Structures are given as structure tokens and as C-alpha cells.
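Trainee: My questions will all concern the structure given below.
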Amino acid sequence: MSASIPTVIIGASGYVGGELLRLIAGHPNFELKAAVSDSAAGKAIGEVFGHLATAFDAQTFVAHDDWLNHVAANSDLALFSAAPHGASAAVIANAIEACEKQGISLHVVDSSADFRFARQEQWETVYRAEHGAPQLLDNFICAVPEHLDKCDVAHVGHPGCFATASTLATVPLIQSGLTEAEVFISGVTGSTGSGKTPQAGTHHPERNSNFYAYKPLDHRHAPEVAALAEAASGRATTVHFVPHSGPFARGIHVTLQARAKFPVTDAQLRGVYEDAYADAPFVQVVAGTPRIKNVVASNQCHIGVATDGDTVVVMAAIDNLVKGAAGGAVQWMNRLWDLPETAGLNMPAPGWT
């Protein structure tokens, strides 16, 4: 498909929404029809995101009850949702119903957590709330694009940022059988991972020159990674996860450790990942250790490995707002519309952020 595909972004005034806008501005096939935000309705996109001022001229944000007026009936639609966890599902359900009435053919990619579990009870156990649209769960699948060759449903729930990095690090190892199906993951994230609304954990005087763990062994991404790893590898995997807040704005670095079943060499371990991601345009197995500055603002994931023979270490670095959210969502939307997977995502990292 080479024609322009009408595109709508719901929840477009947050950090993930802003990154979606940036990526859509340079995409050869997706044409923004509506940037949806009740809190920013009527404001120019460039007024809310100064760095996007030249990308969308005088285009303004629109309210939720108005965006459908910007999409022609009986057309196609790429619908991205960056609405908050717990609210996105109901918003998407209403959007799908409205599009069906207008004869609009659409694919949805949700960046929230609302479609990250296949079963309602799984989601409600982890998020301790009632799911907003359980009737849609069978129409969504959750996976990183690198771990699913074919998507046989219409819509995708993109994994979270920590889950994306952790799953990319975990699955080839579990598939290889080199280790027990139990991993210990320590992850560090930038402050943008907490969203645009200021809070104690992202307040600059608290975050700057500081470093601390939060929700150790009790973070919602652990069951998400376990579910993703089992779906991709076919092996039930126990995940022990300790997240940390880093003193930087964007980027994620995870370090996975696992116990080898038998002596493992560096070459053997590296070969597992090179084989697993040989055809993955956004995953590179690097020499030495991956660094956040080499991936920030790109859709890349850099993976490094190490072993002393008995213990295996796998490290992964991504940008939490791109590969872990907006970029991964665009990558999925490319696939849903049979576009080149790399369309609009080939930008390199700037390096010196």
C-alpha cells in the first residue's frame, strides 16, 4: 500500500502522544487527520509541543467528541491510542463502534496497558480494576513485533517500555534452553516513563543526581513479561523484576541474569541472539555493553551479552518513548497495513543527547 492512510491519535497531548505526532510527521504513508486531546482542544500542536511547531503548521488538537468529523466515511483509518491505562479500552471500544457505523475500516494500536493480557481476569488481577472493554480482548494481541511473524487479528496492544526491553532480552534465551526458565531482571528508566503529569517521582530536584528502586518484585511489568515470554517461547517463565528510576529523561536499560544448565560460552550465547534477531531491522547485538545514548530517540534496541560459564547476563537498551511506546506502535501499524516495517522509523539515534 502506497496511498496516504488517514491517522488519528487519541491522547495526543502526552509524552507518548507527542512522540507519535513526531513520527507521523515524517511518515510516508500515515496522514494525521486528528490529534485528540480534551485538555488541549483548540490549541495549536506547536503551542503544546514547541519542537513540532513547523511539522503541522496551524493544525490544532481536537476534542474527543469531534475527531470522527475529521475522517471521511467509508475510508481507512490508522487509530493510535495513547490514552491512560484503565481509560483507553472504553475509549477504543467507542471509537470502533463509531467507525463501524460510518463504514470506516480501521486498525488500532493501543500504547496503554489495557490490551496486554489475553484474558480479562489476568488484567483485572494485575491492575486491580474492572476492564473497560472485555468484549474486545479477542480482537487484540499483545507482542513485540520481533516475536510474532503473523498477526491474525485486527488490533494490537503494544507492550510497555520495560516489558519491551525485558522481553527482547528474555525470549531468545528461554527458547534456547541454555538456562532454567527463570530470570532476574534489573531495569532503569528515565523520568518520561512516568508520564507528563508532574509527580514526586519525576520532580527534577528529586530525580536529578538521584537513583533508587521502586516497587521491587511487585511491578506490573513482571507478569506482563512472563506472559509475553511464555507466548513467544512456549515455556512458562518466572520473572523477578526490580525497576529503578534513573536521573535522565528518556531511555531504558535492563540487565537480565539467569543460571545456565551447563557451561555456556560467550560465542554460544551471542549466537543465540544473532540468530534470533537476524531478520529484525530494529534489534542489534552489539559488542560489549549497550548504552542508552546510542538508542535514545530511535526505534532501535541494542543487546549485549556476557557469561562466566555458569551465569548468563543479557543487557538491552531502548528509548522508552520510541521503541517502548510510540515507535513500537508505528512499527505494528506498519505491519497491520502491510507497509514496510521500517517505514517512518529509520532515523538514527542523535548520540549526544
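Trainee: What whole-number volume per residue, in cubic angstrom, does the convex hull of the C-alpha atoms of segment 236-334 give? Mind dumping the intermediate values first?
Mentor: Values: hull volume 12.5 nm³, N = 99.
Considering the Cα atoms of segment 236-334, their hull volume per residue is 126 Å³.
Trainee: Let me ask you something else. If you average the C-alpha positions of segment 274-353 and of segment 94-111 separately, how far apart do those two centres end up, in angstrom?
Mentor: The distance from the Cα centre of segment 274-353 to that of segment 94-111 comes to 30 Å.
Trainee: Where does the charge balance sit around residue 312 when Lys and Arg score +1, Asp and Glu -1, over other residues with C-beta under 13 Å from its C-beta?
Mentor: Working: positive: 259, 261, 270; negative: 180, 182, 266, 308, 310.
Local net charge: -2.
Trainee: Is segment 1-101 best put as rounded, prolate or oblate by its Cα gyration tensor, with a ≥ b ≥ c the root eigenvalues, rounded for a/c under 1.5, and otherwise prolate when a/b is larger than b/c, oblate when not?
Mentor: On the way: a/c = 1.62, a/b = 1.16, b/c = 1.40.
Oblate is the answer for segment 1-101, as a/c is 1.5 or above yet b/c matches or exceeds a/b.
Trainee: Can I ask one more? Suppose R0 equals 51 Å. What FRET efficiency, 1/(1 + (r/R0)^6) with r the Cβ-Cβ distance, do residue 128 and residue 265 give to the nearest 0.05? Display every interim value, and only then the final one.
Mentor: Numbers: r = 44 Å, r/R0 = 0.87.
It comes to 0.70.
Trainee: Calculate one ³J(HN,Hα) per residue across segment 192-199 by plugging θ = phi - 60° into the Karplus curve 6.51 cos²θ - 1.76 cosθ + 1.60, and present them in order as whole Hz with x for glycine and proline.
Mentor: These are the phi-based 3J(HN,Hα) values: 5, x, 8, x, 7, 6, x, 8 Hz.
Trainee: With labels modelled as points extended 7 Å from the Cα through the Cβ direction, what inter-label distance (nm, one decimal) is found for residue 75 paired with residue 100?
Mentor: Simple spin-label model gives 2.2 nm for this pair.
Trainee: Okay, moving on. With θ set to phi - 60° and the Karplus curve 6.51 cos²θ - 1.76 cosθ + 1.60, what are the ³J(HN,Hα) couplings of segment 48-54 in order, to the nearest whole Hz, using x for Gly and Pro?
Mentor: Whole-Hz 3J(HN,Hα) from phi for segment 48-54: 7, 10, x, 6, 9, 4, 8.
Trainee: Then there's this: Tell me what the chain gives for mean residue ellipticity at 222 nm when only DSSP H runs of n ≥ 4 count, each as -39,500 (n - 2.57), the sum divided by the residue total, rounded to 500 deg cm²/dmol.
Mentor: Numbers: 9 runs with 91 residues, N = 353.
Result for the chain, helices only: -7500 deg cm²/dmol.
Trainee: Then there is this: In percent, what relative contact order does the chain have, based on Cα pairs under 8 Å that are 6 or more apart in sequence? All intermediate terms of the calculation are to be shown ahead of the outcome.
Mentor: Working: 809 pairs, mean separation 58.9, N = 353.
It comes to 17 percent, rounded to a whole number.
Trainee: What does the charge count around residue 259 come to, taking other residues whose C-beta lies under 9 Å from its C-beta (Lys +1, Arg +1, Asp -1, Glu -1)?
Mentor: -2
Trainee: Of the cross-linked pairs 215/261; 101/215; 215/323; 33/215, which ones have a Cα-Cα span greater than 32 Å in the structure shown? Show your work: numbers first, answer last.
Mentor: On the way: 215/261 30 Å; 101/215 44 Å; 215/323 23 Å; 33/215 39 Å.
101/215; 33/215, as the Cα separations exceed 32 Å there.
Trainee: Taking DSSP loops as anything outside H, G, I, E and B, show the longest stretch in the chain free of chymotrypsin sites (Phe, Trp or Tyr not before Pro) there with at most 16 other beta carbons within 10 Å. Please report the intermediate quantities before stating the final value.
Mentor: On the way: sites that count: 211, 214, 337, 352.
That would be 1-210.
Trainee: Tell me the label only: which of [x] 22.6, 75; [y] 19.7, 62; [z] 23.5, 74 is Rg and Dmax of the Cα atoms in Å as calculated from this structure?
Mentor: [y]
Trainee: If you count only protein heavy atoms with a 1.4 Å probe, what accessible area per residue comes out for segment 266-323, rounded to a whole Å²? Numbers along the way, then the final one.
Mentor: On the way: 2160 Å² over 58 residues.
Heavy-atom accessible area per residue stands at 37 Å².
Trainee: Then there is this: How long are the semi-axes of the equivalent ellipsoid of segment 76-123, taking √(5λ) for every eigenvalue λ of the Cα gyration tensor, in whole Å from largest down?
Mentor: Numbers: eigenvalues 87, 24, 18 Å².
Its equivalent ellipsoid spans semi-axes of 21, 11, 9 Å.
Trainee: Roll a 1.4 Å probe over the protein chains and send me the accessible area per residue for segment 148-241 in Å².
Mentor: On the way: 4170 Å² over 94 residues.
Result: 44 Å² of accessible area for each residue.
Trainee: Taking R0 as 41 Å, what's the FRET efficiency between residue 63 and residue 209 from their Cβ-Cβ distance, rounded to 0.05?
Mentor: Details: r = 40 Å, r/R0 = 0.99.
Here the calculated transfer efficiency is 0.50.
Trainee: Looking at the chain as a GNM with Cα springs under 10 Å, which of 134, 28, 223 has the largest mean-square fluctuation?
Mentor: In this elastic network of the chain, the residue with the biggest mean-square fluctuation among 134, 28, 223 is 28.
Trainee: So for the chain: antiparallel DSSP bridges make up what percent, rounded to the nearest 5? Present the calculation step by step, with values, prior to reporting the outcome.
Mentor: Working: 24 of 58 bridges.
Of the beta bridges lying entirely in the chain, close to 40 percent run antiparallel.
Trainee: Based on the Cβ-Cβ distance of residue 53 and residue 279, what FRET efficiency does E = 1/(1 + (r/R0)^6) give at R0 = 41 Å, to the nearest 0.05? Don't jump to the answer; show the numbers that get you there.
Mentor: On the way: r = 38 Å, r/R0 = 0.93.
After rounding to 0.05, the efficiency reads 0.60.
Trainee: Do any trypsin sites (Lys or Arg not before Pro) in segment 1-93 lie in a DSSP loop with no more than 15 other beta carbon atoms within 10 Å, and if so, which? Mind showing how you got there, number by number?
Mentor: Values: sites: 22, 33, 43; in loops: 43.
Here the trypsin sites (Lys or Arg not before Pro) that fit, given the DSSP loop and packing criteria, are 43.
Trainee: Out of the DSSP beta bridges found with both residues in segment 1-154, what percent are antiparallel (nearest 5)?
Mentor: Values: 1 of 19 bridges.
Of all bridge pairs located within segment 1-154, approximately 5 percent are antiparallel.
Trainee: Carbon-plus-sulfur fraction of the accessible area of the chain, 1.4 Å probe, in percent? Intermediate values should be presented prior to the final figure.
Mentor: Details: 7320 of 14810 Å².
Here carbon and sulfur together make up 49 percent of the probe-accessible area.
The values are calculated or read from the model by the stated rules, or taken from the named source; none is laboratory data. This one's a predicted model, so the numbers in the text were calculated from it and none came from an experiment. Backbone-built Cβ (ideal geometry, glycine too); neighbour counts: all protein chains shown. Heavy atoms of the whole protein, side chains included, go into the accessibility calculation; ligands, DNA and RNA do not. Shrake-Rupley method; radii C 1.70, N 1.55, O 1.52, S 1.80 Å.
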